[in-house]
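What follows is a short report on a single structure.
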Ligand SMILES: C[S@@+](CC[C@H](N)C(=O)[O-])C[C@H]1O[C@@H](n2cnc3c(N)ncnc32)[C@H](O)[C@@H]1O
C-alpha cells in the first residue's frame, strides 16, 4: 500500500506542477501578498472565472500554497511567498519556464527515447538558444529562471573555491552575470568578464546595472563555438558543458584552450554524477538536457576523458555545499 501511495503521488506530480505554473503565470502570490483576497476578487483581478478560481485555490491550499481564512480570503504561506515574482530567491520564473516549454518537451520524452533527438527542436522548430534569441519574453524568463534554479548555488560556490588566486576571470556563457557578480563580491581583488551571445550581453548589461561590482565586470559579446576571449587567469563555465554533446563540447574546450595562457585554469561547474542509486537532482536534470539543449550530465570519469581528448588534464574536483562541483583543469 505504501508503494501504491508513493507511486500515485509520482504519477499525478504533473497536476501540482501545472497548478504552480498557473499560479505563477497569473501572479496570484503577488496579489495575495499585497492583501488577503477572496476567490472572486482574484478571479476579477486575473480575468478568470470565479468558480474555477475558487477550485484552484482550494487545491492550492491543500498543498500549503495559500491558506484560506474564516472570511473566505486566501492568505500567504511560506510556499506562496517563494512564488512571488519580486523577491530574492524567487521561484516565479522557474515555475513559468517549467510550466511552458519544459512541460511540452517532457510530454515528448518517448519521442527522444525512440529517436535519440531533442524534443525541443521537434516542437519549436529550432534549437533552444536560437529560439531564445528570437523570443525576448521567453529569454527574459529564461534568464530569471537560471537565477531561480542556480542562484542558490552562487554563494556556496564563491566560497568553496579560492578565486583570490586570480587577477582576472571570464565567465564563459555567464548569462545574466549573477554568479560572476557574487564571486567578485566575495573576492574584491579579482576583475571579471562575461562572455555570451550578443543578444544575451545586451540583457546582461541591464541586469548588472545595479550591481555594486559592475565596474569590475567587462561585457564581451561572442560565440563560444567560434572563439573565446584571450588572456584571463581563469575560464569559468557553469552549466554550459552539460548543454552540449561531446563533439560540441570539444569545440568549446578547444576555443578556450587556444585563448588561455599556459598557466590559466579552466573551471567547469556542473552536477558531477555520482555512482550508485542514491537520489541526486543531476540525474533528473540530465533528462532535461537530453530533451532540450541535447547535452548530458557527466561522471567524473567522463569529464576526465572529455578534457584529455581536448588538450586538458583534470587537476581536481572541488565539491561545494550544493550538488554542483568545480571540475578544475589545466592545459597539458
Ligand atoms: C544554461 S545557461 C547558464 C548560464 C549561467 N552560466 C548560469 O550558470 O546561470 C547557458 C548559457 O550559455 C549561453 N550560450 C549558449 N550558446 C552560446 C554560444 N554559442 N556562445 C556563447 N554563449 C552561449 C546562453 O546564452 C546562456 O547564458
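Between residue 275 and residue 31, what's the calculated FRET efficiency when r is the beta-carbon distance and R0 is 51 Å? Round to 0.05.
Details: r = 47 Å, r/R0 = 0.91.
The calculated FRET efficiency here is 0.65.
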Separation between Cα centres of the stretch 217-285 and the stretch 1-19, rounded to whole Å
36
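For residue 230 and residue 152, what is the calculated FRET efficiency with R₀ set at 30 Å and r taken between the beta-carbons, to the nearest 0.05? Don't skip to the end; give the middle numbers.
Working: r = 33 Å, r/R0 = 1.09.
Once rounded, the FRET efficiency stands at 0.40.
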Report, for the stretch 209-332, the % of DSSP beta bridges that are antiparallel, rounded to 5.
70
Backbone N under 18 Å from the residue 129 label point (7 Å along Cα→Cβ), restricted to the stretch 205-225
205, 219-225
Most mobile of 169, 53, 146 in a GNM of the chain (Cα contacts under 10 Å)
53
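What percent do you get for the relative contact order of the chain when only Cα pairs under 8 Å and 6+ apart count?
Details: 550 pairs, mean separation 42.3, N = 332.
Reported relative contact order: 13 percent.
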Where is the GNM fluctuation largest for the chain (alpha-carbon springs, 10 angstrom cutoff): 262, 243, 233?
262
Most mobile of 20, 32, 63 in a GNM of the chain (Cα contacts under 10 Å):
63
Using alpha-carbon coordinates, inclination of helix 2-11 to the longest axis of the chain, degrees:
80
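What is the ratio of the Cα radius of gyration of the stretch 2-87 to 2.2 N^0.38 Å, with N the residue count, to two decimals? Display every interim value, and only then the final one.
Values: Rg = 13.4 Å, N = 86, 2.2 N^0.38 = 12.0 Å.
In units of the globular-protein estimate, the stretch 2-87 measures up at 1.12.
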Give me log10 I(q)/I(0) at q = 0.06, 0.08, 0.11, 0.12 Å⁻¹ for the chain, Debye formula, one equal scatterer per alpha-carbon, no solvent.
-0.24, -0.43, -0.79, -0.92
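Report, in cubic angstrom per residue, the convex hull volume of the C-alpha atoms of the stretch 161-238. Display every interim value, and only then the final one.
Values: hull volume 5.9 nm³, N = 78.
That works out to 76 Å³ per residue.
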DSSP beta bridges in the chain: the antiparallel percent, rounded to 5, is 50
Cα pair count fraction exceeding 13 Å, expressed as % - the stretch 53-108:
68
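Of 152, 216, how do they rank once you tally other Cβ atoms within 10 Å and put the fewest first? Present the calculation step by step, with values, prior to reporting the outcome.
Working: 152 13, 216 18.
By the 10 Å Cβ count, ascending, the order reads 152, 216.
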How many nm is it between the label spots at residue 330 and residue 159, if each spot is 7 Å from the Cα in line with the beta carbon?
2.8
If you wrap a convex hull around the Cα atoms of the stretch 151-331, how much volume per residue is inside, in Å³?
108
Measure nothing fancy, just the Cα-based angle from helix 50-62's long axis to the longest principal axis of the chain, in degrees from 0 to 90, nearest 10.
60
Measure out, as a whole number of angstrom, how far apart the alpha-carbon centroids of the stretch 304-332 and the stretch 42-89 sit.
45
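No lab work stands behind these numbers, since they all come straight from the coordinates. Everything numeric in this text was worked out from a predicted model, so none of it was measured. Heads up, the Cβs are rebuilt from the backbone with ideal geometry, glycines too, and the neighbour counts pull from every protein chain shown.
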